[in-house]
There are 2 protein chains.
Amino acid sequence: MNLLKGKTAAAYVDTGHWSKAALEEARKYCDVNVLEGADSSKWAVTGNEAYLHYVDNETIGGFEFHSIPESHGLDLVCDMSSNLLSRPFDVSKFALVYACAQKNLGPVGNTIVIVRSDLIGDEMPITPSMCNYSIFRGKQSMYNTPVTYSWYLSGLICEWVKEEGGLLEMDRRAKHRANKLYDFIDASDYYTSPVEIQFRSRMNIPFTLKNTDKNQLFLDESAAIGLINLKGHRSVGGMRASMYNAMPDAGADALIAFMQAFQDQQS
Amino acid sequence: MNLLKGKTAAAYVDTGHWSKAALEEARKYCDVNVLEGADSSKWAVTGNEAYLHYVDNETIGGFEFHSIPESHGLDLVCDMSSNLLSRPFDVSKFALVYACAQKNLGPVGNTIVIVRSDLIGDEMPITPSMCNYSIFRGKQSMYNTPVTYSWYLSGLICEWVKEEGGLLEMDRRAKHRANKLYDFIDASDYYTSPVEIQFRSRMNIPFTLKNTDKNQLFLDESAAIGLINLKGHRSVGGMRASMYNAMPDAGADALIAFMQAFQDQQS
């Protein structure tokens, strides 16, 4: 509604659950050219699209882009809901970046939009005021009463990230944490990662058990020692470990130790 | 978007700032029949409107309905953002009631919608998912990640209201608190209430000083003793005392004592 600017189509990359949700939503307002697959060199844009939308990290599938994909001359629009503030990125490459807060940025309640100034304006007449970037810029993001407590906590999180060494350090920790787990999974013949190595997420690590009959036992026993929320999304099955900025290395270590013990017990 | 059901018009009562905001928003989606004035017996509906919208309490003007207005056979839709949870009301009289939380219901972050079941469905195709009541009902209000902390605190507020004696008690306190201030203003020749007696708000009490040159002095001196946020909205001028459920009687007493002292000093 904000970005079409009279055009009638937009390009949407489909890499999973959140990609699909975004492109289905867009279909209410324009024709959607669905770009399949993660290899951006193969995306078939027509050039008539108002922008190219993709999701940087798919929480359910455990898929993440590790470099900015080819834009094919289109304005890049990126959903960074689940990995913003987990690594540095060149914001000048984007027309618009958006993210909810409740992964790395603080508690639920905020939505962050970073948008190139020249793209603000000329919204569709049906755009609700609460979705209208002109109005939000004009009112300095306080057209409505903002969720003050969430804003405040996100501010504290940003200060904490700076104190800890900034985004490079967050990225270093995320990779270190995730790679421990991926290395363990790859070395095991009891667990498997379903994600191609070059697109494995630093934030969300799905894995499956060799013996899927043991899924519930795995969940029960892990929960009993405080390793919780490990059940994979029903659309994927298996397990998923989500490890955002707030997760210490010890969390990954504890999970790996449990997985090793479970494997030993079951093998 | 949710309520038009193929109709092309809606009726909107105009009693002030929030009424105007609502009817301007509605004009994006339908023709708006603006109903002027607070006397509902005089509202000229055509009968072709999908619903009749009004704002129960206007925070800026200090206007409040003290009974449910005539609906003229239309479905009643009511914005109770600033007075929900401050008194009992017959919910069966309404097609839809909505409110934000940050007045009587807790901190900012929640929006409450109470809607008659048969009105859910058949939304306009352009309805964003985040505004679509079918989706929110289907997902039990958790289509998105809800603002958990605000939900939790609103729950505590509801428990507190019950413990204190419920909505009848909240209403009794609100009237007692507000009437003290109205009585003082009416007895004074230094302060004036701009609102017709039968529509005076229990929540927001605007008043003006006889000598408007003293507005800033009034604000400075009141703030100095901890009576804050008394400046009226710029569209109305003067002063405004907002007294929601959380305001104790002592708050009204302190304001009245200050106003008396200021009047004595200036007269």
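Have a look at the DSSP beta bridges in chain B and tell me what percent are antiparallel, nearest 5.
Numbers: 15 of 30 bridges.
Around 50 percent antiparallel, to the nearest 5.
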Report task. Along Cα-to-Cβ, 7 Å out, sits the label point; list in nm, shortest first, how far the one on B:Arg137 is from those in the other copies. Result -> 3.9
Query raised in the report: When chain A is treated as a GNM, springs tying every alpha-carbon pair under 10 Å, which of A:Leu230, A:Leu105, A:Leu156 comes out with the largest mean-square fluctuation?
Result: A:Leu156
Query - 5 Å-binned pair-distance histogram of the stretch A:126-180 (Cα, whole percent) - result: 4, 15, 14, 14, 13, 12, 13, 9, 5, 1
Report summary line: So, with points 7 Å from each Cα along the Cβ direction, the B:Gln260-B:Glu221 label distance in nm works out to 1.5 nm
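Please state the charge dipole magnitude for the stretch A:147-242, taken about the Cα centre, from unit charges on C-beta atoms (+1 on K and R, -1 on D and E), reported in debye and rounded to the nearest 20.
Numbers: 13 positive and 12 negative charges, 34 e Å.
That gives the stretch A:147-242 a dipole magnitude of about 160 debye.
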**Report entry** Computed over the stretch A:95-155, Cα set: Rg, Dmax in Å
**Finding:** 12.4, 35
Report task. Take B:Thr212, project a point 7 Å from its Cα along the Cβ direction, then tell me which residues of the stretch B:228-243 have their backbone nitrogen under 20 Å from it. Result -> B:230-241
Query raised in the report: In nm, what does the list of distances from A:Cys158 to its counterparts in the other copies look like, shortest first, when each label sits 7 Å along Cα to Cβ?
Result: 3.4
Requested in this report: Report the normalised scattering of the protein assembly as shown as log10 I(q)/I(0) at q = 0.08 Å⁻¹, calculated by the Debye formula with identical scatterers on the alpha carbons.
Outcome: -0.68
Query - Rg ratio (alpha-carbon, reference 2.2 N^0.38 Å) - the stretch B:39-191 - result: 1.21
Report task. Mind telling me which of A:Asp171, A:Asp213, A:Asp249 comes out most flexible in a GNM of chain A, alpha-carbon contacts under 10 Å? Result -> A:Asp213
Requested in this report: For B:Asn204, enumerate residues with amide H under 5 Å from its amide H, sequence gap 5+ or separate chain, H modeled in the peptide plane.
Outcome: B:Met243
Query - 222 nm mean residue ellipticity, helices alone, for chain A (DSSP H n ≥ 4; -39,500 (n - 2.57); rounded to 500) - result: -10000 deg cm²/dmol
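Note down the relative contact order for the stretch B:91-162 as a percent, whole number, built from C-alpha pairs under 8 angstrom at least six residues apart. Could the numbers behind the result be given before it?
On the way: 63 pairs, mean separation 22.0, N = 72.
Averaging sequence separation for qualifying contacts and normalising by length gives 31 percent for the stretch B:91-162.
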Query raised in the report: Between B:Gly6 and the same site in the other copies, what are the distances in nm, shortest first, taking label points 7 Å from Cα along the C-beta direction?
Result: 3.5
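For the stretch A:90-181, which trypsin sites (Lys or Arg not before Pro) pass both filters: DSSP loop (anything but H, G, I, E, B) and at most 16 other C-beta atoms within 10 Å?
Values: sites: A:Lys93, A:Lys103, A:Arg116, A:Arg137, A:Lys139, A:Lys162, A:Arg172, A:Arg173, A:Lys175, A:Arg177, A:Lys180; in loops: A:Lys103, A:Arg116, A:Lys139.
Filter output for the stretch A:90-181: A:Arg116, A:Lys139.
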**Report entry** Separation in nanometres of the label points that stand 7 Å from Cα toward Cβ, at B:Val236 and A:Asp253
**Finding:** 6.0 nm
Query - Accessible-area composition of chain B, carbon plus sulfur, in percent [1.4 Å probe] - result: 54 percent
Query - Per-residue HN-Hα couplings for the stretch A:119-127 [Karplus 6.51, -1.76, 1.60; θ = phi - 60°; Hz; x = Gly/Pro] - result: 8, 8, x, 6, 6, 4, x, 7, 5
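Using the crude model of +1 on Lys and Arg Cβ and -1 on Asp and Glu Cβ, and no other charge, please compute the dipole size for chain B relative to its Cα centre, in debye to 20. Mind showing how you got there, number by number?
On the way: 25 positive and 32 negative charges, 90 e Å.
Around 440 debye, computed over chain B.
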Report summary line: Under 16 Å by backbone N from the virtual spin label 7 Å along Cα-to-Cβ at A:Glu164, the residues of the stretch A:188-221 are A:202-204
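Over the stretch B:30-90, what is the relative contact order in whole percent, taking alpha-carbon pairs under 8 Å and six or more residues apart?
Values: 56 pairs, mean separation 21.0, N = 61.
It comes to 34 percent, rounded to a whole number.
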Query - Largest-first ellipsoid semi-axes for chain A, taking √(5λ) over the Cα gyration tensor eigenvalues, angstrom - result: 36, 22, 16
Query raised in the report: Counting other Cβ atoms within 10 Å, which trypsin sites (Lys or Arg not before Pro) in the stretch A:190-242 have at most 10 and lie in a DSSP loop?
Result: A:Arg234
**Report entry** Principal axis dimensions, largest first and in whole angstrom, of the stretch A:227-267 by Cα
**Finding:** 33, 29, 11
Report summary line: Over 25 Å (Cα to Cα) among B:Lys5/B:Lys103; A:Lys139/B:Lys42; B:Lys20/B:Lys93; B:Lys93/B:Lys162; A:Lys175/A:Lys231 -> B:Lys5/B:Lys103; A:Lys139/B:Lys42
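Evaluate Rg over Rh across the stretch A:40-91, taking Cα atoms for both radii and Kirkwood's formula for Rh.
On the way: Rg = 11.8 Å, Rh = 12.1 Å.
We get a ratio of 0.97 for the stretch A:40-91.
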**Report entry** Rounded Å value of the spacing that divides the Cα centres of the stretch B:46-93 and the stretch B:121-171
**Finding:** 19 Å
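For the stretch B:1-106, which GluC sites (Glu not before Pro) pass both filters: DSSP loop (anything but H, G, I, E, B) and at most 16 other C-beta atoms within 10 Å?
Values: sites: B:Glu24, B:Glu25, B:Glu36, B:Glu49, B:Glu58, B:Glu64, B:Glu70; in loops: B:Glu49, B:Glu70.
Hits after loop and neighbour filter: B:Glu70.
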Query raised in the report: Each label point is 7 Å from the Cα along the Cα-to-Cβ direction; what then is the distance between the points at B:Ser41 and A:Ile112, in nm?
Result: 5.8 nm
Requested in this report: Scan around B:Asp31 for amide H atoms under 5 Å from its own, H built in the peptide plane at 1.01 Å from N, and keep only partners 5 or more places away or cross-chain.
Outcome: B:Ala9, B:Ala10
Query raised in the report: Summed for both chains, how many Å² of accessible area, to the nearest 100, are buried between A and B with a 1.4 Å probe?
Result: 1400 Å²
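The values are calculated or read from the model by the stated rules, or taken from the named source; none is laboratory data. Being a predicted model, the structure only gives us computed values, none of them experimental. We place every Cβ from the backbone using ideal geometry, glycine too, and count neighbours over all the protein chains shown. Accessible surface areas use protein heavy atoms only, side chains included; no ligands, DNA or RNA. Shrake-Rupley method; radii C 1.70, N 1.55, O 1.52, S 1.80 Å.
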